[in-house]
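Okay, so here's the structure we're looking at.
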Amino acid sequence: MNTQNSLNTILTTKNSILLSDDCLNSINQIENQSIHLILTDPPYNLGQFMHNRKTNLKRMRENQFAYSGWDNLPYDEWIKDMDNFFKESSRILIKGGSMLIFMSIIKVESIIALAEKNNFYYKTTGIWHKTNPMPRNMNLHFVNSTEAWIYFTKGTNTGTFNNNRKLIHDFFETSLTPKSEKKYGKHPTQKPIKLIDNFVELLSNEGDIVLDPFMGSGTTGVSCKKLNRKFIGIDKNEEYVNIAKARIKEVM
């Protein structure tokens, strides 16, 4: 990827490139079949859905995603953007490369259809279970304690899977992101390093290039630096990119 003349390059080191840009603008600059793993947490497009259901968002945390501005596109626009995202992702992933994408359970079917349209092989849908979820509305309905993730390979039905002959369930359980991982700033959907480490280790090898085009506060980049992978991270919010920069620099 040529970042020499990019004004949007925030951090370039031997193994990490962070870009403050719309993901499709930057992905267009990445060479064909040069990425080994795409591990990302894109907008779930639930903002309008929650507003239309008259969910009491004002009582939720201050940085709740439904007020963020990046999660409330009309459904047709979101589908178009995600279709373009999968098209470009298919171009830049090596054959047999992997993609793991977090997504709301109610959008899983739409995501699988877009991925298969763009030469991805659907492997499985799994769950992240949060052991200490916010007990919001606990006396009214079930507490939301899970998020889905979807696993694909590109152009073939198998890819890197470093299970070391151990049984790996499609279910990972951790606490919410601890305060120690938010000391440089907060992101409303930040995932814990412990969770992301599982996917980086399983789906890539040391020295591989991992891309997170919806990087947020850079947890995937932190994991890659810890585990000796190369990392490209993109986010159009410069505040989040600067948080990612500080976090990745801190990793020894």
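The values are calculated or read from the model by the stated rules, or taken from the named source; none is laboratory data. The structure displayed is predicted, hence computed values, not measured ones. Every residue, glycine among them, receives a Cβ derived from its backbone with ideal geometry; neighbour counts consider all protein chains shown.
Within segment 217-234, how many residues are touching a Pro at 6+ places or on another chain (Cβ under 9 Å) and either polar (S, T, N, Q) or closer than 10 Å to VAL200 by Cβ (or both)?
Residues that pass the stated criteria total 1.
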Give segment 180-221 a look and list any residue that's part of a strand (DSSP E or B) and closer than 17 Å to ASP21 by Cβ, or say none. LEU211, ASP212
Out of the residues in segment 1-20 meeting the condition of being at pLDDT 60 or above and not in a strand (DSSP E or B), tell me which one is surrounded by the most Cβ atoms within 10 Å (Cβ to Cβ). ASN15
Got at least one residue in segment 21-35 being at pLDDT below 95, among the polar types (S, T, N, Q), surrounded by 15 or more Cβ atoms within 10 Å (Cβ to Cβ) and more than 26 Å from TYR121 (Cβ to Cβ)? no
Enumeration of residues in segment 84-131 that are touching a Leu at 6+ places or on another chain (Cβ under 7 Å), at pLDDT 95 or above and more than 19 Å from THR160 (Cβ to Cβ): ASN84, PHE85, PHE86, GLU88, TRP128, LYS130
Just the residues that are buried (at least 16 other Cβ atoms within 10 Å of the Cβ) and either touching a residue at least 40 places away in the same chain (Cβ under 8 Å) or in contact with an Asp or Glu (Cβ under 6 Å, 6 or more places away or on another chain) (or both), please, taken from segment 128-159. TRP128, LYS130, GLU147, ALA148, TRP149, ILE150, TYR151, PHE152, THR153, LYS154, GLY159
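Residue by residue, here is whether (1) of a type outside the set (Asp, Glu); (2) under 14 Å from the mean Cα position of the chain (by Cα); (3) over 17 Å from ASP41 (Cβ atoms) holds:
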{"position": "PHE171", "(1), (2), (3)": "yes, no, yes"}
{"position": "THR174", "(1), (2), (3)": "yes, no, no"}
{"position": "LYS179", "(1), (2), (3)": "yes, no, yes"}
{"position": "LYS191", "(1), (2), (3)": "yes, yes, no"}
{"position": "PHE199", "(1), (2), (3)": "yes, yes, no"}
{"position": "ASP208", "(1), (2), (3)": "no, no, yes"}
{"position": "LEU211", "(1), (2), (3)": "yes, yes, no"}
{"position": "PHE214", "(1), (2), (3)": "yes, yes, no"}
Would you please name the residue that is farthest from GLY185 (Cα to Cα), looking only at residues in segment 222-252 that are of a type in the set (Asp, Glu) and either outside any helix (DSSP H, G or I) or touching a strand residue (DSSP E or B) at 6+ places or on another chain (Cβ under 9 Å) (or both)? ASP235
Of all residues in segment 209-223, which are within 15 Å of SER98 (Cα to Cα) and not aliphatic (A, V, I, L, M)? ASP212, PRO213, THR220
Answer from GLU206, GLU173 - the residue that is farther than 15 Å from ILE101 by Cβ, surrounded by fewer than 16 Cβ atoms within 10 Å (Cβ to Cβ), touching a residue at least 40 places away in the same chain (Cβ under 8 Å) and charged (D, E, K, R): GLU173
Does LYS230 satisfy being touching a Cys at 6+ places or on another chain (Cβ under 9 Å), surrounded by fewer than 23 Cβ atoms within 10 Å (Cβ to Cβ) and more than 15 Å from LEU100 (Cα to Cα)? yes
Looking for whichever is assigned to a loop (DSSP other than H, G, I, E, B) and either touching a strand residue (DSSP E or B) at 6+ places or on another chain (Cβ under 7 Å) or under 21 Å from GLY216 (Cα atoms) (or both) here; the options are GLY126, GLY159, GLY97. Which one fits? GLY159
Can you tell me which residue in segment 162-177 is nearest to THR219 (Cα to Cα), limited to those that are in a loop (DSSP other than H, G, I, E, B) and touching a helix residue (DSSP H, G or I) at 6+ places or on another chain (Cβ under 9 Å)? THR177
